[in-house]
Amino acid sequence: MKNFLTIDVEDYFQVAAFADIVSPDNWDSMEQRVSAPVERLLQTLDKHGVKATFFIVGWTAEKHPGIVRAIAAHGHEIGCHSYWHRKVYEMAPEAFRADTRRARQVLENLSGRNITAYRAPSYSITAKSMWAIDILKEEGFTADSSIFPIVHDMYGIPDAPRFRYELPQKGIEEFPLSTAVIFGRRIPVSGGGYFRLFPYWFTKTALKRINRQENQPFVFYIHPWELDPGQPRFKNARLLSRFRHYNNLGKTRERFERLLSDFDFIPLPSKNSRGNP
């Protein structure tokens, strides 16, 4: 079974958990650390012969163009992860359109490719921001991986389909983040903080169950900053935010290596299609 591997390229200070204490106005003054863990990821993926889809924040791409060029040179797919990493449901539709256009233009200029896959920051396409899908379609995107079919305080559409599907009348293929159904409840097992929270044996068992019992591929994600346990710590962040961000950072790299050995991966399929300018 070929599963879908995705990388969300953002730096440690851009995450939603710290949005209340780190403004984009301050990003330039922060220690920039994203290049080194991206390079480690590229080396690790080369070692295992794996290709992935890298969803890249436009601001990060503009500040570190070598990252985008290196990802493209290694043969990986590139997707749009917004420009300012703002939650979609906190934006007006035209602000979302402008942000998405700006990010895609940066990524296309640097990679020389059409960018047709999108992932919202913090999976923030929810029931109250489904209007974003219409804008993505109008802008020529053909694939989205922003919908998390769970209950969560920051994101999620709990009753959304769990596996790859076409959004009705949208012409966009959705790749929802993966969940396992355990005792009738959807448990997120698709990466990120959940990969660090649960013991590896649990994640492996749940993902194998998706492949073998449900006969479906899963969508997995990871961030470069999760392979950077030496990153600066925000001691003034909320306790829950610190837990979500820092929990088991030192274990991520070893677990990720095991994951690449235990499963087969490919990038999200993409179509070189463009809509109206």
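The values are calculated or read from the model by the stated rules, or taken from the named source; none is laboratory data. This is a predicted model, so every value here is computed, not measured. So basically every Cβ, Gly included, is an ideal-geometry build from the backbone, and we count neighbours across all protein chains shown.
The residue that is farthest from T44 (Cα to Cα), counting only those in segment 1-22 that are of a type in the set (V, I, T) and under 11 Å from the mean Cα position of the chain (by Cα), is V9. Within segment 244-277, the set of residues being under 16 Å from Y12 (Cα atoms) and modelled with pLDDT under 95 comprises just one member, R244.
Can you tell me how many residues within segment 128-165 are of a type in the set (V, I, T) and touching a residue at least 60 places away in the same chain (Cβ under 8 Å)? Looking only at that region, the number is 1. Restricting attention to segment 220-232, the residues that are surrounded by fewer than 22 Cβ atoms within 10 Å (Cβ to Cβ) and either touching a strand residue (DSSP E or B) at 6+ places or on another chain (Cβ under 6 Å) or not acidic (D, E) (or both) total 5. The single residue among L240, L207 that is in a helix (DSSP H, G or I), at pLDDT below 95, hydrophobic (A, V, I, L, M, F, W, C) and within 19 Å of Y123 (Cβ to Cβ) turns out to be L240.
Residue-by-condition table, conditions (1) aromatic (F, W, Y); (2) within 23 Å of T252 (Cβ to Cβ); (3) modelled with pLDDT under 95:
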{"position": "T44", "(1), (2), (3)": "no, yes, no"}
{"position": "G49", "(1), (2), (3)": "no, yes, no"}
{"position": "G75", "(1), (2), (3)": "no, no, no"}
{"position": "Y89", "(1), (2), (3)": "yes, no, no"}
{"position": "P93", "(1), (2), (3)": "no, no, no"}
{"position": "D99", "(1), (2), (3)": "no, no, no"}
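Checking every residue in segment 144-155 against the condition of being part of a helix (DSSP H, G or I) and either on the phi > 0 side of the Ramachandran plot or over 16 Å from the mean Cα position of the chain (by Cα) (or both) gives zero matches. Taken together, I125, I187 contain a single residue that is aliphatic (A, V, I, L, M), in a strand (DSSP E or B), within 21 Å of A17 (Cα to Cα) and without any contact (Cβ under 8 Å) to a residue 40 or more places away in the chain, which is I187.
Going through (1) surrounded by fewer than 16 Cβ atoms within 10 Å (Cβ to Cβ); (2) closer than 17 Å to P176 by Cβ; (3) free of Cβ contacts under 8 Å to residues at least 24 places away in the same chain one by one, Y194 falls short only on (1). The numbered conditions (1) under 14 Å from the mean Cα position of the chain (by Cα); (2) free of Cβ contacts under 8 Å to residues at least 40 places away in the same chain are all true for H85 except (2). Restricting Q32, Q105, Q14 to those that are over 29 Å from S241 (Cα atoms) and among the polar types (S, T, N, Q) reduces the list to Q105. For I78, the conditions (1) in contact (Cβ under 8 Å) with a residue 60 or more places away in the chain; (2) crowded, with 19+ Cβ neighbours inside 10 Å all hold with the exception of (1). The residue list Q216, Q169 contains one member that is surrounded by fewer than 18 Cβ atoms within 10 Å (Cβ to Cβ), modelled with pLDDT of 95 or more and either farther than 22 Å from R33 by Cβ or of a type in the set (D, E) (or both), which is Q216. Pick from R209, R164: which is basic (K, R), surrounded by fewer than 19 Cβ atoms within 10 Å (Cβ to Cβ) and within 18 Å of the chain's Cα centre (by Cα)? Result of the check over R209, R164: R164. Pairs meeting the criteria (first residue in segment 250-263 and under 14 Å from F220 (Cα atoms), second residue surrounded by 15 or more Cβ atoms within 10 Å (Cβ to Cβ) and among the acidic types (D, E), beta carbons under 7 Å, at least 6 apart or on different chains) are T252/E226. Checked against (1) of a type outside the set (A, V, I, L, M, F, W, C); (2) surrounded by fewer than 24 Cβ atoms within 10 Å (Cβ to Cβ); (3) under 16 Å from R113 (Cβ atoms), T53 meets all criteria but (2).
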